[in-house]
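Down below is the structure, laid out as structure tokens.
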Amino acid sequence: IQPSVQEALMEGRPVVALESTIITHGMAYPQNLSMAREVEEIVTMNGAVPATVGILRGRIHVGLTDKQLEFLASSKNLVKVSRRDLPFVLSQGLSGGTTVSGTMIAAHKAGIPVFVTGGIGGVHRGGENTLDVSADLTELGRTPVAVVSAGVKSILDIGRTLEYLETQGVCVATFGESKEFPAFFSRQSGFQAPYRVRDEKEAAELIASILGLGLSSGVLIAVPCPQERAASGQIIEEAIQQAFSEARSKGITGKELTPFMLQKINELTDGKSLDSNLALIQNNARVGSCIAVALSKLQKAKRKENLTQQEDTTPPQPVVIGGINVDFIAKAQNPVILGGGQTNAGRVTRTFGGVGRNLADCLSRLGQNPLFLSAVGKDEHSESILHYCHHMDMSAILQLEGKRTATYCAVITSAGELSVGLGDMDIHHQITEQYVSQFKENLRQAPLVCIDGNVPLSTIQYVCQLAREHQLAVCYEPTDENKASKPFLSDSWKALTYISPNLQELRAINRTLGNPLPAGIEYSE
């Protein structure tokens, strides 16, 4: 994430995500570069921070320098990167422009709720036979980002696209005085949107409502092209039919179809379609920036209101995220443990552990009453744990049917040395980002967030991102040598305030960061 974008996000200032496929595949150089610069300038002039998303040598960039913009604009054979393409492009170290789908993913991961584009993809004409449906539509159904566009590209089947968006549960609203759904180059498509927002304030309230509900779907805000620069619907439709016919005769399909169609339509309309394209992109940038500014103001007011309410009631709780284990410790009575299936005399005890549970227990005994986020099965072990932890706030714990509560069995010698350890910890994978994000407000207000190494990597990254955005104090307990490095696989570790590794865990972290072991440190069991 570019520093200026990261700084804006941390300070709660409005940021607008911008795609880069229009740069790499939508227009020729140098017009694509001047367009990209102009759109970023419009975003800035309207009070927001532009964050153009692109893939450069196998890394996702949110926010590009002018040099990086020029690289994408002038390079040949760049990849058009949608959701399906991301793993391959990143693993191969390739560069490319992100589609609506690819940009939505990056924007969501970065914490940017508003994204401006020209027009989204949709169901292609004849899609009922070819099943050629853009990944933009399914992305809108599963990624909570507001997409501001001039509707759907008019080369597509707009009616079926709107039906598909309804099936995906995507809220669609036009912006302005009419419910007439725009057709990209022209203002009318002949189809009505289900909803309408009159101005940026109403649009911001709609977005805030979706984010507040915690829905995993996005919202499409369709902005008509300015009247004075909109193309005639009839002229465009005739050009589309001719271009579509030529594409079929040449066997052009898939992700090559849209760039071909747009270029051909521009030729057939003597540049009128390109003029409309530029006008609608500039207009969308202005409208999207105003929506982002209104949303930022709304969110700040809401945060202030929440803080006031909390100050009037109870102090915010620390939050602990981590594992719960039932530990069985078997200690041998004799110095030598016999093998071969023989029974060894000893003593077996059951205790309740798990690093996260231990931290929450200690904080509870110190009178801090932390909110504890973890997962257990619905079995006899979970009943025992809940009874034992009656002094703790266990109200948010996931209790899952058909899953086993985590258990750990250690066999130790009479001298106290570990002989063998067995762990059944699969349930810790259920401490997901989706589960933890339900307690976003608790996390945002928490004076301290503790997280242990049992938690999945994506959840740790989510908590660290939230910590960056809201300047939270985060304590990380690495848990063991194999789990210690999770935050250090990316820059998530920069959000950590405290960390408590033992020597083996610290060595593992050091290796992950690529640092040499300092001289004079001896390694011992």
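The combined condition, being surrounded by 15 or more Cβ atoms within 10 Å (Cβ to Cβ) and over 23 Å from Ala208 (Cα atoms), is fulfilled by Asn277. All of Gly453, Gly423, Gly402 fail the test of being open to solvent by 40 Å² or more (accessible area, probe 1.4 Å), small (Gly, Ala, Ser) and closer than 23 Å to Asp361 by Cβ, apart from Gly423. Pairs meeting the criteria (first residue in segment 330-357 and closer than 30 Å to Asn369 by Cβ, second residue among the hydroxyl-bearing types (Ser, Thr, Tyr) and open to solvent by 50 Å² or more (accessible area, probe 1.4 Å), beta carbons under 9 Å, at least 6 apart or on different chains) are Phe352/Tyr388; Gly353/Tyr408; Gly354/Tyr408. The residues listed here are Glu505, Glu481, Glu477; of these, the one that is acidic (Asp, Glu) and open to solvent by 40 Å² or more (accessible area, probe 1.4 Å) is Glu481. Of all positions in segment 65-81, at least one carries a residue that is within 23 Å of the chain's Cα centre (by Cα), modelled with pLDDT of 95 or more, crowded, with 22+ Cβ neighbours inside 10 Å and not assigned by the TED database to the domain that holds Tyr462. Just wondering, is there one or more residues in segment 36-54 that are of a type in the set (Lys, Arg), in contact with a helix residue (DSSP H, G or I) (Cβ under 9 Å, 6 or more places away or on another chain), over 18 Å from Leu278 (Cβ atoms) and in the same structural domain as Leu90 (by the TED database)? Looking for residues that are of a type in the set (Lys, Arg), in contact with a helix residue (DSSP H, G or I) (Cβ under 9 Å, 6 or more places away or on another chain), over 18 Å from Leu278 (Cβ atoms) and in the same structural domain as Leu90 (by the TED database), one finds none in segment 36-54, hence no.
In the set (1) at pLDDT 95 or above; (2) in contact with a helix residue (DSSP H, G or I) (Cβ under 9 Å, 6 or more places away or on another chain); (3) part of a helix (DSSP H, G or I), Lys109 fails one condition alone, (1).
Considered as a group, the residues in segment 347-385 that are open to solvent by 60 Å² or more (accessible area, probe 1.4 Å) and among the aliphatic types (A, V, I, L, M) include one that is farthest from Ile412 (Cα to Cα), and that residue is Leu366. The requirement of being surrounded by 14 or more Cβ atoms within 10 Å (Cβ to Cβ) and at pLDDT below 90 is satisfied by Ala410.
Looking across Leu489, Leu517, one residue alone is at pLDDT below 90 and loosely packed, with under 14 Cβ neighbours inside 10 Å. It is Leu517. Take the residues in segment 144-179 that are closer than 21 Å to Gln282 by Cβ and among the charged types (D, E, K, R), then tell me which one is surrounded by the fewest Cβ atoms within 10 Å (Cβ to Cβ). For segment 144-179, the residue satisfying everything is Glu177.
For segment 1-105, the helices (runs of 4 or more DSSP H) that sit wholly inside it and include 1 or more residues that are in contact (Cβ under 8 Å) with a residue 40 or more places away in the chain are 3-10, 31-45, 66-74.
Would you pick out the residues in segment 208-219 that are surrounded by fewer than 24 Cβ atoms within 10 Å (Cβ to Cβ) and in contact with a helix residue (DSSP H, G or I) (Cβ under 6 Å, 6 or more places away or on another chain)?
Ala208
Okay, residues lined up against (1) in a loop (DSSP other than H, G, I, E, B); (2) at pLDDT below 95; (3) of a type in the set (Phe, Trp, Tyr):
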site: Cys450; (1), (2), (3): no, no, no
site: Tyr476; (1), (2), (3): no, no, yes
site: Asp480; (1), (2), (3): yes, yes, no
site: Trp493; (1), (2), (3): no, yes, yes
site: Glu522; (1), (2), (3): yes, yes, no
site: Glu525; (1), (2), (3): yes, yes, no
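Scanning segment 121-143 for residues that are touching a Gly at 6+ places or on another chain (Cβ under 8 Å) and either hydrophobic (A, V, I, L, M, F, W, C) or surrounded by 19 or more Cβ atoms within 10 Å (Cβ to Cβ) (or both) yields Asp132, Val133, Ser134, Ala135, Asp136, Leu137, Glu139, Leu140, Thr143.
Given the condition touching an Asp or Glu at 6+ places or on another chain (Cβ under 8 Å) and open to solvent by 40 Å² or more (accessible area, probe 1.4 Å), answer yes or no: does some residue in segment 435-444 qualify? No. Considering the conditions (1) assigned to a loop (DSSP other than H, G, I, E, B); (2) open to solvent by less than 60 Å² (accessible area, probe 1.4 Å); (3) not aromatic (Phe, Trp, Tyr), Ala415 is excluded by exactly one of them, (2).
Taking (1) open to solvent by 50 Å² or more (accessible area, probe 1.4 Å); (2) over 36 Å from the mean Cα position of the chain (by Cα); (3) touching a residue at least 60 places away in the same chain (Cβ under 8 Å) in turn, Glu205 satisfies each apart from (2).
The values are calculated or read from the model by the stated rules, or taken from the named source; none is laboratory data. No experiment lies behind these values; they were computed from the predicted model shown. Because the Cβ atoms are built from the backbone with ideal geometry, glycine has one as well, and the counts that use them run over all protein chains shown. In case anyone asks, the SASA skips ligands and DNA or RNA and just uses the protein heavy atoms, side chains included. Shrake-Rupley method; radii C 1.70, N 1.55, O 1.52, S 1.80 Å.
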